Amino acid sequence: ILDALADQTDYNVIFAPHVRLFSGRPVAATPEIRPYADLAHMHLDLGETNRAVDMTYTRAADIYLGDVSSQVYEFLRRPKPCLFLNAHGAAWRGDESYRHWRYGPVLDSPDDLVEQISRARFTHGAYRAEQADGFTQTYDLSGASSSARAAEAIASLLNSTAADLNSTVGRAAGL
């Protein structure tokens, strides 16, 4: 995949694999990644920064290329083209663990990858409604902020636990 992306210049590339894959090692200390380090159209982050987890990359990217990651939902806060690689030969159709593979084309090999990326851009309309539905089912967005709703849920749980405790203590005391 990296070879195919290195050999083209139509797309800028952000390569940010799972933050634990390389344990934050610098690119210079990672022989298998080092050959791509000086390419102007490729940005490599092996976990050295927080950008892979603070949505910097998912906000900046125009196309998502990956396999299995919940990160696709961060990317889809605004529906955009996705392309998935079934590198492990999963029988994914009908498997809810791969629901997000309904958000774009799924490739069984990286052959013609750059052409497939271009095609994903042009076929995005066929996946847009499914992406929007998947995002809505994943995130419960409302007028209240997530932190306010979380605090309310915790307070409600504490209040019900306290009420249950008081009832139990009252029964034990014969009240």
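The values are calculated or read from the model by the stated rules, or taken from the named source; none is laboratory data. Predicted model only: the values in this text are computed from it and were never measured. Cβ coordinates were reconstructed from backbone atoms using ideal geometry, including for glycine residues, and neighbour counts include every protein chain displayed. Surface accessibility is based on the protein's heavy atoms, side chains included, excluding ligands, DNA and RNA. Shrake-Rupley method; radii C 1.70, N 1.55, O 1.52, S 1.80 Å.
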Residue, most open to solvent (accessible area, probe 1.4 Å), within the range 93-122, restricted to residues that are in contact with a Gly (Cβ under 8 Å, 6 or more places away or on another chain) and either more than 20 Å from Leu2 (Cβ to Cβ) or of a type in the set (A, V, I, L, M) (or both): Arg102
Residue tally, condition touching a Phe, Trp or Tyr at 6+ places or on another chain (Cβ under 6 Å) and closer than 23 Å to Pro110 by Cβ, over the range 48-66: 2
Of all residues in the range 24-55 being polar (S, T, N, Q) and within 18 Å of the chain's Cα centre (by Cα), the one that is least open to solvent (accessible area, probe 1.4 Å): Thr49
Filter result (aromatic (Phe, Trp, Tyr), assigned to a loop (DSSP other than H, G, I, E, B) and closer than 23 Å to Arg59 by Cα) within the range 78-137: Tyr103, Tyr127
Condition broken by Asp3, with the remaining ones in (1) in contact (Cβ under 8 Å) with a residue 40 or more places away in the chain; (2) in a helix (DSSP H, G or I); (3) of a type in the set (Asp, Glu) satisfied: (1)
Matching residues in the range 56-92 - criterion: being open to solvent by less than 60 Å² (accessible area, probe 1.4 Å) and either of a type in the set (Lys, Arg) or within 15 Å of Tyr139 (Cα to Cα) (or both): Gln71, Val72, Tyr73, Glu74, Phe75, Leu76, Pro79, Lys80
